[in-house]
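Q: This is the structure I want to talk about, given as structure tokens.
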Amino acid sequence: MFDAHTHLQSPLLSGVLARVIDDAARAGVTGVCCCATVPDDWPAVAELARVRLPFVLVPAFGVHPWHVQGLPSDWPGRLAALLDAHPVAAVGEIGLDGLRDDVPADLQDEVFLRQLDIAERLRRPVILHGARAWGRLAERITPFARRLPGVVVHGFSGSAEILKQLLNVGAYVSFAGSVCNPMAAKVRAAVRDIPDSQMLIETDTPDLFPEGGVSAATGANGKPLNQPANLRRVLEEVARLRNATPEAISDLTGANARRVLL
Ligand SMILES: [Zn+2]
């Protein structure tokens, strides 16, 4: 299994990370993409990319749309230098967000565009966040998509029309633990609709704890923390929704992740 979206560098996991990594490998995780969110966590992601792990780790460096305020003025140069030092790194997690109204949309867009330019110039795939902004995200990525070596849209929960738009520009679309929620009708419909060749699965560790998962640790306000070992839950639910075997879904999403990220 390839977990297409994690934040293993999260300080919430630091006390349990060794166990989380072991349990992931034991559960059959053979690869993860580990996405930074802000310049302050770039060194932690770089460190995870450096150490020996029992699975492949693809690092991604970028600024998440929640963190576009108060950036150091030299962030674009630092990002480009870090990407130069990590030839397999992607640019992520970047994008647009409509969940948080305290982050100005125009600033999100400006930081997103800057990072798309860097990704294009350095020929790197991008890992995109579009929560509650799927339409704007699809519109923004369309002119870039053909010029980038790969586009991954993570934690997708948009409409059938937006899914089609993203698939038409060649994006890979990744599904997280919300597929396990019987109320998540749109996500579950998208899981049934997407062609084999553009589907990925993810946990979004330490977020999006799935129903029936195993908690890595207790987070703030007593919430369970997600971990890559829980990718099995997503895999099984996706397989059930598509009338396929978990092995077949694991094989095809693993091959897709390697094609776009490695
Ligand atoms: Zn994320």
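Quick note: the coordinates plus some simple rules give every number you see, no bench work behind them. What you are looking at is a predicted structure, and each value in this text was computed from that prediction instead of being measured. Heads up, the Cβs are rebuilt from the backbone with ideal geometry, glycines too, and the neighbour counts pull from every protein chain shown.
Q: Collect the residues in region 13-41 that are closer than 23 Å to Gly130 by Cβ, within 15 Å of the ligand (Cβ to nearest atom) and over 15 Å from the mean Cα position of the chain (by Cα), keeping them in residue-number order.
A: Hit for region 13-41 is Asp41, nothing else.
Q: Quick one: would you say Leu167 is under 24 Å from Asp207 (Cα atoms), aliphatic (A, V, I, L, M) and in contact with a helix residue (DSSP H, G or I) (Cβ under 7 Å, 6 or more places away or on another chain)?
A: no
Q: Condition (residue is within 16 Å of Arg26 (Cβ to Cβ), within 14 Å of the ligand (Cβ to nearest atom), assigned to a helix (DSSP H, G or I) and under 16 Å from the mean Cα position of the chain (by Cα)) applied to region 211-228: is it met by at least one residue?
A: For region 211-228, residues within 16 Å of Arg26 (Cβ to Cβ), within 14 Å of the ligand (Cβ to nearest atom), assigned to a helix (DSSP H, G or I) and under 16 Å from the mean Cα position of the chain (by Cα): present.
Q: On to the next question. Sort out which residues of region 179-207 are within 16 Å of the ligand (Cβ to nearest atom) and either without any contact (Cβ under 8 Å) to a residue 12 or more places away in the chain or surrounded by fewer than 19 Cβ atoms within 10 Å (Cβ to Cβ) (or both), and write them in order of number.
A: Correct list: Asp207 only.
Q: Could I ask something else about it? Kindly check whether there is at least one residue in region 84-96 that is closer than 18 Å to Glu202 by Cβ, in contact (Cβ under 8 Å) with a residue 12 or more places away in the chain and in contact with a Lys or Arg (Cβ under 6 Å, 6 or more places away or on another chain).
A: yes
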